[in-house]
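Written below as structure tokens is the structure these notes are about.
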């Protein structure tokens, strides 16, 4: 796991987030909150530690001189890798043995019935969104990896938004869908 950010590395990370330290700190906290939700929703055993590890890795890359254009997107990609590592680690297996504890491993391999319930709930939740929001979130996640960047750029252009603003809007919609699906699954499981 992570050895922690040095003061210099943390300063460099903040500088990369924004030249104004106040705005940089606010952006860091917002990004931290998003990462915590990312790990929590996926059932990672220690969301706060995984979030710290993600920031440590990003800061190390900055310290190595790696040019990062979109710090939010890059951080998200690093978080995905950290999450995938939790699926393999001994910590995931140990926590999985604790009664009542959902982990990345249990999330990663839902049984067919649970998957069917989640998909039905997702469909219900999507249809509960206003048509404009539903169309946006579907189009935002439509493309495969190769076409995703270009597709999102075109979508942002068509909507008259910056790509970052589109990503924020999509994240808010995704959060809303996640809450709806979680509540729906909870209702159908009882």
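The values are calculated or read from the model by the stated rules, or taken from the named source; none is laboratory data. These numbers were taken from a predicted model, which means no experiment stands behind them. With ideal geometry, Cβ positions are generated from the backbone for all residues, glycine too; neighbour counts draw on all protein chains shown.
Residues that are over 24 Å from residue 50 (Cβ atoms) and either modelled with pLDDT of 75 or more or outside any helix (DSSP H, G or I) (or both) do occur in the stretch 92-111. Only one of the numbered conditions (1) part of a helix (DSSP H, G or I); (2) surrounded by 13 or more Cβ atoms within 10 Å (Cβ to Cβ); (3) within 15 Å of the chain's Cα centre (by Cα) is not met by residue 56, and that is (3).
Is it the case that residue 9 is in contact (Cβ under 8 Å) with a residue 40 or more places away in the chain, crowded, with 16+ Cβ neighbours inside 10 Å, part of a helix (DSSP H, G or I) and more than 21 Å from the chain's Cα centre (by Cα)?
Yes: the conditions hold for residue 9.
One residue alone among 129, 166, 155 is under 18 Å from the mean Cα position of the chain (by Cα) and over 17 Å from residue 41 (Cα atoms), and that residue is 166.
Sub-6 Å Cβ pairs linking a first residue in the stretch 34-51 that is crowded, with 16+ Cβ neighbours inside 10 Å to a second residue that is in a loop (DSSP other than H, G, I, E, B), at least 6 apart or interchain, are 43/102; 43/103; 45/103; 50/44, ordered by first then second residue.
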